[in-house]
1. If you take each beta carbon of peptide A:70-79 and count the beta carbons of other chains within 10 angstrom, what is the mean?
2. Need one number: nm distance between label points at B:D27 and A:E146, each 7 Å from Cα along Cα→Cβ, rounded to one decimal.
3. Can you return the lysines within cross-link range of A:K112? Criterion is Cα-Cα under 30 Å, with same-chain partners fewer than 8 residues away left out.
4. Would you work out if the range B:9-52 is rounded, prolate or oblate? Take a ≥ b ≥ c from the square roots of the eigenvalues of the alpha-carbon gyration tensor; rounded if a/c is under 1.5, else prolate when a/b is larger than b/c, oblate otherwise.
5. Per residue of A:169-181, count partner chain C-beta atoms within 10 Å of its C-beta, then hand back the mean as an integer.
6. Let me know the mean shielding of B:40-52 by other chains, meaning the per-residue number of their Cβ atoms within 10 Å of its Cβ.
7. Once B and A are treated as a pair rather than alone, how much accessible area drops out, both sides summed, in Å² to 100, probe 1.4 Å?
Amino acid sequence: MGLVMGALAMTTNSNDSHEERTSRSAQAREDALLVEETLAGNQLSFQLLVERYQERLFALARHYTKNPVEIEDVVQESFLKAFRRLDTFHHQSSFYTWIYRIATNTILDFLKRRGRSPIQSVEDPEVLARPEPTDGFAPNVNIEREEIAEVTHKVLAELPDIFRTVLVMREFEERSYQEIADVLGISIGTVESRLFRARARFRERLTKDFPEFSPGGDA
Amino acid sequence: MKNSNDFTCDEARALVPAYLDGELSADRASPLRQHLMECADCRTKTQAHKAQRHWFVPTPEVSVPDGFAARVARRAFQGDTGEAPVTAEPLAPILPFVLRMTAAAAALLLVLSGVIRAVDVPTGGQLRADDGATMSLEEALNRLEAMDNGEGRPSEGLDR
């Protein structure tokens, strides 16, 4: 009974439909069963758990590194860590929230071990050649999507981990403040203030590392 | 600047990001909206916040390699801890160690040189193993005999 109630104690948004909540409940029950079977020694059950969440973790890792080998390595390491700690998963949160937390920490540890890549883009002629700085902080419409992504990831790579993490979760993954709070184990108020500071820091680094994008006025 | 309901610009600007994220409750969003309608500066700042979001374009999808889940499950049940290999800079982990060892060796040499200086060791002429002249065995023996008989000693500075 405790297992089911705990599995149901997930992030809910007051705007969620009944169908969405029902779907999440069903998923939570299935996850709980797969965890139980894995702990009982069923390898296939663990494989099914991995299959359920592998794409999302690959997408998460992609926000931190473009290297496909590194992405695969950190996601694999995340799942293996989750397997070793599976007996500590008490269904207080959803399985995805739990493994997302493990994956985020694993990725950040990996980046620390590897060492951050130096910013190259300041000397990147492709970027410097772009004309017309923008008003506000929006990228110039003439800059292609890939270049925007490149600039953004380079700026993010220079931010402290606590800021980078919340920006990735909010801006790329569109997680609610509650979900971010659940994953990081912090309050919603802290999420709000951390995001505020993270966005300010992002603006500062963007202006410093890519001065051609400096806005006309203070934002 | 304060407007009619005492909602300051500082208060408004602090709430704008959460408002744009759709995270403000109705009772907090309503006065903010009212303020934004009345304050052009804050509206400008709000536009800047919205513009910044355009930097966060969706990341290209990553395809999961075939058989990934099966491999991971197999490794997990084989007891693999899964520490990912780190493609670190080849010198990065070694260089600090080398520098520390070099500094330690330099310090040790400094200490040893100080110790050596402090020790009273004979130098220069005192270390001569011979008097510089080549002598035959017969001559050496004659000299020794003379020394035994108390005749002049080859060494200098001794009072007799």
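The values are calculated or read from the model by the stated rules, or taken from the named source; none is laboratory data. All figures in this text were calculated on a predicted structure; none of them were measured in a lab. Ideal geometry is used to build each Cβ from the backbone, glycine not excepted, and the neighbour counts take in all protein chains shown. Please note that ligands, DNA and RNA were not included when accessible areas were found on the heavy atoms of the full protein model with its side chains. Shrake-Rupley method; radii C 1.70, N 1.55, O 1.52, S 1.80 Å.
1. Across the residues of A:70-79, the mean count of other-chain Cβ atoms within 10 Å is 5.
2. Going from the B:D27 label point to the A:E146 one covers 5.2 nm.
3. Answer for A:K112, where 30 Å is the Cα cut-off: A:K66, A:K81, A:K154, A:K208, listed by chain and number.
4. Working: a/c = 1.92, a/b = 1.15, b/c = 1.68.
Oblate is the answer for the range B:9-52, as a/c is 1.5 or above yet b/c matches or exceeds a/b.
5. Mean partner shielding for this stretch: 2.
6. 4
7. Separately minus together, B and A give about 4400 Å² buried.
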